[in-house]
Amino acid sequence: MRALQVVGTFLLVVLVVCLQLGPFSHLALQGVVPDLALLVVVAAAIARGPSYASVLGFLAGLTLDLAPPVDHTTGRWALALAVVGYLAGQVRDDADHSAVAAALTVAAGSFIGTSLFALSGLLLQDPGVSVAVAVQVVPLAVLYDLALTPLVLPLALAFFARMQPLALRW
């Protein structure tokens, strides 16, 4: 059963990254693409807790960092999504029982993740990142992720509920 969980989660991460960098990249608004990987990490945090979600966030972020077209320093998304996974997992009890709390968790995670990604770009002197761009992109990313929350979060939560061992299910 454990191998099935690992393979299933790996396939989910690959699917989400492919969708985010493939068809969803055509839905970009002012260069902002819906962050499906972040939504899956938040769902993992709500379903499984901070430890699991931070590892999943790191791996999903690293997959985003390494997937073409690579236009930034490797590790920026890995750091951002690992932090998001950990922090979202800290409020999992509230977010698990309320749709409003789950949406607020997504909004906070999107804000923190996008801000960390932008801040790391500023610190590493990424030529495509400036304070003006970050101030414009962060709110748009939060709104975009919130708009997709009702579509993606329930599916991801159902996936993680299905992947839990029978002894851990409620």
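The values are calculated or read from the model by the stated rules, or taken from the named source; none is laboratory data. Note that the structure is a prediction, hence the values are computed from the model and not measured. Positions of Cβ are generated from backbone atoms using ideal geometry, with glycine treated the same way; all protein chains shown enter the neighbour counts. The accessibility values were calculated without ligands, DNA or RNA, using every heavy atom of the protein model including side chains. Shrake-Rupley method; radii C 1.70, N 1.55, O 1.52, S 1.80 Å.
Going through 57, 31 one at a time, which residue ends up being open to solvent by 60 Å² or more (accessible area, probe 1.4 Å), of a type in the set (Gly, Ala, Ser) and under 28 Å from residue 104 (Cβ atoms)?
31
Considering 62, 27, 79, 38, which residue is out of contact with any strand residue (DSSP E or B) (no Cβ under 9 Å at 6 or more places or on another chain) and within 18 Å of residue 155 (Cα to Cα)?
None of the other options fit; the residue is 38.
Output the number of the condition that residue 38 fails; it satisfies all remaining conditions of (1) touching a residue at least 60 places away in the same chain (Cβ under 8 Å); (2) open to solvent by 40 Å² or more (accessible area, probe 1.4 Å); (3) not acidic (Asp, Glu).
So the condition that residue 38 fails would be (2).
Among the charged types (D, E, K, R), surrounded by 14 or more Cβ atoms within 10 Å (Cβ to Cβ) and within 23 Å of residue 27 (Cβ to Cβ): is that true of residue 76 in this structure?
Considered against the rule, which asks whether it is among the charged types (D, E, K, R), surrounded by 14 or more Cβ atoms within 10 Å (Cβ to Cβ) and within 23 Å of residue 27 (Cβ to Cβ), residue 76 comes out as yes.
Between 67, 156, which is closer than 20 Å to residue 32 by Cβ and of a type in the set (Gly, Ala, Ser)? Walk me through it before giving the result.
Numbers: 156 fails: closer than 20 Å to residue 32 by Cβ.
From the options 67, 156, the qualifying one is 67.
Spot the failing condition for residue 107; the list is (1) more than 13 Å from the chain's Cα centre (by Cα); (2) closer than 20 Å to residue 40 by Cβ, and only one is missed.
The single condition residue 107 does not satisfy is (1).
Output the residues belonging to segment 111-170 that are β-branched (Val, Ile, Thr), modelled with pLDDT under 90 and in contact with a Leu (Cβ under 8 Å, 6 or more places away or on another chain).
Within segment 111-170, 129, 131 qualify.
Would you tally the residues in segment 79-96 being in contact with a Gly (Cβ under 8 Å, 6 or more places away or on another chain) and surrounded by fewer than 17 Cβ atoms within 10 Å (Cβ to Cβ)? Talk me through it step by step, then tell me what you get.
Filtering segment 79-96 down to residues in contact with a Gly (Cβ under 8 Å, 6 or more places away or on another chain) leaves 79-89, 92.
Subsequent filtering for residues that are surrounded by fewer than 17 Cβ atoms within 10 Å (Cβ to Cβ) retains none.
Residues in segment 79-96 being in contact with a Gly (Cβ under 8 Å, 6 or more places away or on another chain) and surrounded by fewer than 17 Cβ atoms within 10 Å (Cβ to Cβ): 0 in total.
Residues in segment 139-162 that are surrounded by 17 or more Cβ atoms within 10 Å (Cβ to Cβ), among the small types (Gly, Ala, Ser) and either in contact with a Cys (Cβ under 7 Å, 6 or more places away or on another chain) or farther than 13 Å from residue 12 by Cβ (or both): how many?
Adding up the residues that qualify gives 1.
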